[in-house]
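Step one of this worksheet: look at the structure below.
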Amino acid sequence: MSELHFDGIGMTSKRTRIRMIQRLEEQGIRNGKVLQIIANTPRHWFLDEALSHRAYEDTALPIGHGQTLSQPYIVARMTELLLDNHPAPRRVLEIGTGSGYQTSVLAQLVEKVWTVERIRPLQSKARDRLARLRLYNVHYKYADGGFGWADQGPFDGIISTAAPISIPADLLAQIAPDGVLIIPVGPEHNQQLTLVKREGSDDQYRQKIIEPVRFVPLVPGVT
Ligand code: SAH
């Protein structure tokens, strides 16, 4: 777990960020820790300069290579689902590093984050951004995240920010006892954010549909 220090970060105005947090509360985000971390994370750092003035709008934004940075609501919601469904998540795996924004939110909440990305230039930019924020409790892998990260698992939480058609068996296998997997599932125009909870240490999984969402697809292989 790391805390951000803001000297020289050049955050946008406090008012803009307070408005974003108010919007998240109106949309039903309740977890104070999640709200606080989102309020303190410079989302504009995760976008190219031409788009950074839109960083605090409630919208998904392009990050190049046909990929998007999820809207703040979705980042908040997935993070809150993780915290609300595990007593104390310490080890978290993220599939789809993208800009690194969700990674940076997770890195401020849990002890260690492992993150997998299949597009190398996105991964290296994300790595630079997190280093600049001095978030060092993150491990990066350039690979097809559909296979998880077997030799580092199992994980208390797995968050996928790309949508497979159905849940990969490798991800289920890497959920620790009492752990959770939060993942959008389904074809492009019909995805459901899904929560899978592993009950105890048995191979018992309880699945719950949370809400319809729109994510980029989980694409097999690397580029
Ligand atoms: N969490 C990101 C969201 C990026 S969009 C953020 O906060 O910016 C989803 C990301 O998943 C994209 O960068 C895409 O390249 C990646 N992705 C898609 N399929 C993947 C796969 N099989 N393995 C790893 N990453 C994948």
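Within the range 48-82, track down each residue that is in a helix (DSSP H, G or I) and out of contact with any helix residue (DSSP H, G or I) (no Cβ under 7 Å at 6 or more places or on another chain). Before the answer, list the steps.
Here is the first cut: in the range 48-82, the ones in a helix (DSSP H, G or I) are 49-54, 72-82.
Correct list: GLU49, ALA50, LEU51, HIS53, ARG54, ILE74, ARG77, MET78, LEU81, LEU82.
Mind checking whether some residue in the range 214-221 is out of contact with any helix residue (DSSP H, G or I) (no Cβ under 6 Å at 6 or more places or on another chain) and away from the ligand (no atom under 13 Å from the Cβ)? Scanning the range 214-221, I find no residue that is out of contact with any helix residue (DSSP H, G or I) (no Cβ under 6 Å at 6 or more places or on another chain) and away from the ligand (no atom under 13 Å from the Cβ), so the answer is no.
Scanning the range 67-113 for residues that are of a type in the set (A, V, I, L, M, F, W, C), surrounded by 24 or more Cβ atoms within 10 Å (Cβ to Cβ) and farther than 24 Å from ARG23 by Cβ yields VAL92, LEU93, ILE95, VAL113.
For the range 29-47, the set of residues classified as within 13 Å of PRO72 (Cβ to Cβ), part of a loop (DSSP other than H, G, I, E, B) and more than 14 Å from the ligand (Cβ to nearest atom) consists of ILE29 only. Does ARG134 fit the bill of being under 24 Å from GLU49 (Cα atoms), away from the ligand (no atom under 11 Å from the Cβ) and either at pLDDT 95 or above or part of a loop (DSSP other than H, G, I, E, B) (or both)? Yes. With respect to the stated conditions, ILE119 fails to be free of Cβ contacts under 8 Å to residues at least 60 places away in the same chain, surrounded by 12 or more Cβ atoms within 10 Å (Cβ to Cβ) and of a type in the set (Val, Ile, Thr).
Per the listing ILE182, ILE210, ILE159, the residue uniquely open to solvent by 30 Å² or more (accessible area, probe 1.4 Å), assigned to a strand (DSSP E or B) and within 25 Å of GLN108 (Cα to Cα) is ILE210.
Scanning the range 62-91 for residues that are free of Cβ contacts under 8 Å to residues at least 60 places away in the same chain, in contact with a strand residue (DSSP E or B) (Cβ under 8 Å, 6 or more places away or on another chain) and within 9 Å of the ligand (Cβ to nearest atom) gives ILE63, LEU69.
The values are calculated or read from the model by the stated rules, or taken from the named source; none is laboratory data. Every value quoted in this text rests on a predicted model; they were computed, and no experiment measured them. Neighbour counts run over all protein chains shown; Cβ positions are idealised from the backbone, glycine included. To get the accessible areas, we keep the full protein, side chains included, count just its heavy atoms, and leave off ligands, DNA and RNA. Shrake-Rupley method; radii C 1.70, N 1.55, O 1.52, S 1.80 Å.
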